[in-house]
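Written below as structure tokens is the structure these notes are about.
Every number in this text was worked out from the coordinates using simple rules, so none of it is lab data. Nothing here was measured: the structure is a model prediction, and the numbers come from that model. With ideal geometry, Cβ positions are generated from the backbone for all residues, glycine too; neighbour counts draw on all protein chains shown.
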Amino acid sequence: MAKPRPEGSTGSAGSTGARSGSSGTGSTAAVPAPRPGGRAEARRAAQSKGRGGQGGDGGSNGQGHRRAGGRGKKPQRNVKKIVGWTAVGALVLIAGTGGAIYLKLNGNIKTIDSDALSKDRPPEAQVDANGNKPVNILLIGSDSRGGDNSDLGGGDTDGARSDTTILLHVYADHKNAIGVSIPRNSLVTIPPCKLPNGKWTKEQKGKDVLFNAAFSVGGTAEGNPACTQNTVEKLTGIRVDHTIVVDFQGFAAMTKAVGGVEVCLPKDIYQKDLNEKLPTKGSLVLKKGPQKVEGQQALDYVRLRHGIGDGSDIGRMKRQQAFMSSMISTVKKKGLEPTTLLPLADAATKSLRVDEGLDTVDKLMSFALSLKNIDLHDLKFVTPPWRYNEANLDLVKPDVDRLWEAIRADRTLDGKDATGQQPDAPATPTPEAPPTTTAPPAHTAPAAPIKVAVYNGTTYNGLGAKAGEALKAAQFTVTGVNQARSTDKATTTIEYGAGQKANAEKVAELFPGATLTPTSAAGISVVLGKDFADANGGAAGTTAPGTPAVPAPLPTSVTEDARSADDDICANTSY
């Protein structure tokens, strides 16, 4: 049964300096040599004494499960998480410069073979009324010591683990996104996975089957991203559209390429905070307050766990999320400067392996351009609700299931339906006034585009999309399809603001029996009722095949600790 590889007691990989690029080629910036007395030195000393014992995982034979930060502390988050987000962010922003830069990057692209994906997968998301659909990207941080990673304190030479994994959900409106960090030592079921010899493993489950073990199935230096994807899909019920595997050798070079990243610390950090085995606190490494870091200092910041708050991994996670947000903000502020973007993109793509859907310059550019309109405030970071099960973690039900349900239904953390472009009108319709029936004239297409927002006032999923398609076919402009506040509406209502009655009557032609209601809100909204569901092959209270039910509001265990990418860099950086 697969088990996660033990780590040193100092925790995060990526604690030493990075080499530039790969094999001395490319245009990434040089990075300082490792700091004496740091984690890499401690790791080498521990390895020279063999596994187990102090600096190991706490097991008697060096092969047990390492407690992630101790009971009551959240599991480790390391630098590889930052690499994934920074690389994707770099691609998103660099795409705006056009295809010339991607010609430089094409030779860096390495591809993941997808023939090992499970045959039993969740259904693919469907397009909404505006022709848009959500996209799910699995970001996997590999701790392989292959190539330049050996100098950065990666994992053992006999394989790789996914110590950090993020499921990034880009909503159908492509204006919102959420990144869910999946703890490495979560107890999960690993479905059958393909081995290098072509055979498939049996399903694994039990008290010693941890999430990060999926990546190591087969024992290769490159890891098994297909097995991790299979495991995520089984865990969440969410179909993964793209998988990106990242290492961390280009991380320090990326921070130098953008001229440093603004961060913030609540107190001074000394060498002993980075390596608790040192006899004295040593020299000052990072100062208290706002500052700019790059290269080795950036690595020190994102790997830092001790010396702040309770020294747990939950605090490190908060700082890493703050760093990712600041990195993306920094690149945006730089604008389209080739001298900045080229080395950044070069470093990012050199640290990536992508699925076959992203294996060319054109595919990467199309993917990147599809994400460029996500505002920093609408990029959120969360961790599934968890609790300790001895040294490992259980994901707390039903809270975690409600998170997966919300993502499958394309609902944001605040419950907004993000299936398609959001309407200009308020997100929820105003209370209906007494209905006013109007005999509709014979239908004629509107002379000028009339904007209409659609709200589903039933529990029948897919109803809004049908109404949106009918409106678009009749030459109306659909500004959004959303769920109404109430889902027990009997009769379809056309709500209209001041000066919109004539246009509302034209809309009502498509909805026989609908009532017209004036409201104080601007524009026109169609609130679908049971009558429209009955006329379109469904009844209120049923669910359209292959579509998720309207999810319950997310619990505070998910929403209270969420971070927006535009939050103050000095806020929420310790625990």
- prompt: Which order, highest average first, do 234-240, 496-502 follow once you tally other Cβ atoms within 10 Å for each residue and take the mean per peptide?
  reply: 234-240, 496-502
query: Gain in length, ALA502 to THR111, computed as 0.36 nm per residue apart minus the alpha-carbon separation, to one decimal in nm?
result: 135.1 nm
query: In whole Hz, what ³J(HN,Hα) sequence does region 399-416 give by Karplus (6.51, -1.76, 1.60; θ = phi - 60°), x for Gly and Pro?
result: 4, 5, 5, 5, 5, 4, 4, 5, 5, 4, 8, 6, 9, 6, 4, 8, x, 6
- line: Charge tally for neighbours of THR280 with beta carbon under 13 Å away, counting Lys, Arg as +1 and Asp, Glu as -1, is +1
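Take each of the peptides 107-116, 513-522, average the number of other beta-carbon atoms within 10 Å over its residues, and list them starting from the highest.
For the peptides 107-116, 513-522, the packing ranking is 513-522, 107-116.
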- request: Could you pull out the pairs from LYS451/LYS530; LYS119/LYS350; LYS363/LYS451; LYS287/LYS333 whose alpha carbons sit more than 26 Å apart here?
  value: LYS119/LYS350; LYS363/LYS451
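When only Cα pairs under 8 Å and 6 or more residues apart are kept, what is the percent relative contact order across region 188-275?
22 percent
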- prompt: So how much slack lies between ASP534 and THR189, counting 0.36 nm per residue of separation and subtracting their Cα-Cα distance, in nm?
  reply: 120.1 nm
- request: Could you tell me the number of lysine pairs in region 187-285 with C-alpha atoms less than 14 Å from each other, where the two lysines are 8 or more residues apart or belong to different chains?
  value: 4
query: Of the listed peptides 300-307, 223-230, 119-126, what is their order by residue-averaged count of other C-beta atoms within 10 Å, with the highest listed first?
result: 223-230, 300-307, 119-126
- request: Identify all lysines with a Cα-Cα distance to LYS380 below 16 Å; exclude those on the same chain that are fewer than 8 residues away in sequence.
  value: LYS81, LYS175, LYS318, LYS372, LYS416
- request: Can you check what the net charge comes to around ALA474, using other residues whose Cβ is under 15 Å from the Cβ of ALA474 (Lys, Arg +1; Asp, Glu -1)?
  value: +1
message: Test of understanding: extend the Cα→C-beta vector of SER564 to 7 Å, then name every residue of region 354-387 with backbone N under 12 Å from that spot.
response: 375-381
